[in-house]
Every structure is written in structure tokens, then in C-alpha cells.
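*Asks:* The structure under discussion is supplied below as C-alpha cells; questions concerning it will follow.
The values are calculated or read from the model by the stated rules, or taken from the named source; none is laboratory data. The structure displayed is predicted, hence computed values, not measured ones. Methodologically, a virtual Cβ is constructed for each residue, glycine included, from the backbone with ideal geometry; neighbour enumeration extends over all protein chains shown. Calculation scope for accessible area: heavy atoms of the full protein, side chains included, ligands and nucleic acids excluded. Shrake-Rupley method; radii C 1.70, N 1.55, O 1.52, S 1.80 Å.
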Amino acid sequence: MKDFEDLKSDWDSQINVKAPNNGSEKVIKKVLFVKRKQLITNIVLGVTVVILLIFFFYIKAYNNTTAASALFLMITPLLVRVFMEFSSRKKLESINITANASTFKKSMIDYYKKRIKTHYVFTPIIAVLYLAGFIMLLPFFKEELSVGFYTYIKISGIIIFIVLAVFIRKEILKELKILKELCN
């Protein structure tokens, strides 16, 4: 009888997380939103990689060490991020949204912690490497392009980086807010 009492005591001491009304519908909707955002991110990053690869061969960067290194610095981190997003999406898909609330919450907290690391550690590193590659290309552009087009690339590059940084920050905060809601 002691085993039964121990089992009953363990059962009673479990943390009991209550699911909200229409909880499963809300959870499914939020998880689908995050998955869709990750897919869109991968598509955008993938298109960027393809454009950079086309540019690499178009300008014959393989003949210029600096240009090849710069494009390598731009392409490689993007490929790493594509892999990270793909892996993260698979991890999210593996979370059982029909599990009991405590198990689901634990899985979401683990996932949330990994996404925080992705966004606050790896994303800035990737952005800095990409920017470094772009800056390394500037002398190449200055040498090969007209003064007007070179000025256009510098100015538009700065504007695009600022706009992208603001947009990426906004999207990261939105995703983390949704994930945090799923953890509560």
C-alpha cells in the first residue's frame, strides 16, 4: 500500500497548469504564425544567397581574393542562419501541441530559450559578418563603378541596413512575445 501512497503523493504534488478557454485553437494559431514567419525568413535569406551567388559569378569574384572573401563573409552566415531557421522550425514542429499543459509548457520554454539565443547571440554576429563583407566590397565597387553609382550603393546600403535592422528587431520582438505567451 505504501507504493500507492507514494504514487498518489507524487501525483498530487505535480504542478497543475490550466489550459485557457479555446486554448488549443489559440496555441495552434500562434504556432502556425511562428512557423510561417520562419518559412518566410528562410525564403528571404535563400533568395538573398542566390542573388549573392549570381553576383559572385557575374563579377567573377573568384578572380579577386578580396571580392571572393567579402562575398564569402556575406553568404556563409546567411546559409548558417537558413540552417538554424530550418532546424528551429523542425524543433517547433516536433513539439506536441496536444500534450498535457505542463509538458507543452516545458517544451515551449526550452524552445523559447533557444530562440532567444538565436536572436540575441547569433543574429547580431551574422549581421556584423554580413556588414563586414559589404564594407570589404566597397573598394571593389569604387574601383569598378562610376562615382554616381558608387555613391548610390553607399547611401542605399546604409538606408537598407538601417531599415532592415529596425524591421528585423520588430519581427524578433513580435516572435518572442508570441512564444512567451505560449510559455505562460
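*Asks:* Need one word for the range 121-163: rounded, prolate or oblate. Basis is the Cα gyration tensor (sqrt eigenvalues a ≥ b ≥ c); a/c below 1.5 gives rounded, then a/b vs b/c decides.
*Replies:* Because a/c hits 1.5 or more and a/b fails to exceed b/c, the range 121-163 counts as oblate.
*Asks:* A further question follows. How big, on average over all directions, is the shadow cast by the Cα convex hull of the range 93-184, in nm²?
*Replies:* On the way: hull surface 29.1 nm².
For the range 93-184, averaging the hull's shadow over all directions gives 7.3 nm².
*Asks:* Also, I was wondering about something else. Helix 2-12 versus the longest principal axis of the chain: what is the Cα-based angle in degrees, 0 to 90, to the nearest 10?
*Replies:* Once rounded, one gets 50 degrees.
*Asks:* Against the globular-protein guess of 2.2 N^0.38 Å, express the Cα radius of gyration of the range 48-131 as a ratio, rounded to two decimals. Could the numbers behind the result be given before it?
*Replies:* Values: Rg = 17.9 Å, N = 84, 2.2 N^0.38 = 11.8 Å.
In units of the 2.2 N^0.38 Å rule of thumb, it is 1.51.
*Asks:* Something else about it: So what's the angle, to the nearest 10 degrees on a 0 to 90 scale, between helix 123-144 and the longest Cα principal axis of the chain?
*Replies:* 10
*Asks:* Within the range 41-142, how many Lys pairs that are eight or more residues apart, or on different chains, come under 23 Å at the alpha-carbon?
*Replies:* Within the range 41-142, the lysine pair count is 16.
*Asks:* Further question on the same structure: Over the chain, with every protein chain in place, what whole percent of the accessible area is carbon and sulfur at 1.4 Å, could you tell me? Write down the numbers at each step before the final one.
*Replies:* Numbers: 8500 of 12630 Å².
Carbon with sulfur: 67 percent of the solvent-accessible area.
*Asks:* Sticking with this one: Is the shape of the range 76-123 rounded, prolate or oblate, going by the alpha carbon gyration tensor and its root eigenvalues a ≥ b ≥ c, with a/c under 1.5 for rounded and a/b larger than b/c for prolate?
*Replies:* Verdict is oblate for the range 76-123.
*Asks:* For 85, 93, 5, give the ranking by accessible area with the largest first, probe 1.4 Å.
*Replies:* Most to least solvent-accessible, the answer reads 5, 93, 85.
*Asks:* Rolling a 1.4 angstrom probe over the protein heavy atoms, how many square angstrom per residue are accessible across the chain?
*Replies:* Heavy-atom SASA per residue in the chain reads 69 Å².
*Asks:* While we're looking at this one, here's another question. Normalised by the number of residues in the chain, what is the relative contact order in percent for Cα pairs under 8 Å and 6+ residues apart? Mind showing how you got there, number by number?
*Replies:* Details: 111 pairs, mean separation 53.8, N = 184.
For the chain, the relative contact order is 29 percent.
*Asks:* Evaluate the distance, in nm, between pseudo-label points positioned 7 Å from the Cα of residue 170 and of residue 158 along their respective Cα→Cβ axes.
*Replies:* Rounded to a tenth, the inter-label distance reads 2.2 nm.
*Asks:* Using a 7 Å offset from the Cα along the Cα-to-Cβ direction at both residue 106 and residue 151, what is the distance between the two label points in nm, to one decimal?
*Replies:* 6.3
*Asks:* Using only helices, what value at 222 nm comes out for the chain when you add -39,500 (n - 2.57) per DSSP H run of length 4 or more and divide by the total residues, to the nearest 500 deg cm²/dmol?
*Replies:* The per-residue figure over the chain is -29500 deg cm²/dmol.
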